[in-house]
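Right, one structure below, let's go through it.
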Amino acid sequence: QVQLVESGGGLVQPGGSLRLSCAASGSISSRYTMGWYRQAPGKQRELVARINSGGTTNYADSVKGRFTISRDNAKNTVYLQMNSLGAEDTAVYYCNLHPPISRYWGQGTQVTVSS
């Protein structure tokens with residue numbers, strides 16, 4: 001059974017950076033496209049970034065140029081480097097396959113951008 005565990009969130013000042021990690025227990029084939037998602041209070045969950053098996057990446061317009069998704073298949077881990085954070089990035093961040101599989105949603109990691 002696969003579990004996805006997100007970590008690395010926290011409180012950061014505007015303009016700051018964070019690096020999120022998503023560790024997969026069990027086996028997630030490197031053939032799968034992985035994504036980072038986020039859900040802000042009162043809003044629907046949205047796709048932030050995705051990376052396919054070949055390393056091709058796509059980003060939501062709101063994070064393009066600020067966020068970088070990467071993966072280490074040997075470690076079964078996906079990362080999200082977030083720079084130039086603003087209040088609008090405050091959300092719970094999740095990783096999942098893309099398209100997502102409902103039973104793989106984890107607890108997420110809270111990112112709060114505030115001074």
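For region 75-87, the condition holds for no residue, the condition being that it is in a loop (DSSP other than H, G, I, E, B), more than 14 Å from Leu4 (Cα to Cα), out of contact with any Lys or Arg (no Cβ under 7 Å at 6 or more places or on another chain) and polar (S, T, N, Q). Reported count of residues in region 20-46, each being open to solvent by less than 50 Å² (accessible area, probe 1.4 Å), free of Cβ contacts under 8 Å to residues at least 60 places away in the same chain and either among the aliphatic types (A, V, I, L, M) or outside any strand (DSSP E or B) (or both), is 5. Counting the residues of region 86-111 that are over 14 Å from the mean Cα position of the chain (by Cα) and either open to solvent by less than 70 Å² (accessible area, probe 1.4 Å) or not hydroxyl-bearing (Ser, Thr, Tyr) (or both) gives 5. Using the structure shown, decide if Ser84 is of a type in the set (S, T, N, Q) and at pLDDT below 95. So Ser84 does not fit the description; no.
The values are calculated or read from the model by the stated rules, or taken from the named source; none is laboratory data. Just so it is clear, the structure is predicted and the values come from calculations on it, not from any experiment. Here Cβ is always computed from backbone atoms with ideal geometry, including for glycine, and neighbour counts include all displayed protein chains. To get the accessible areas, we keep the full protein, side chains included, count just its heavy atoms, and leave off ligands, DNA and RNA. Shrake-Rupley method; radii C 1.70, N 1.55, O 1.52, S 1.80 Å.
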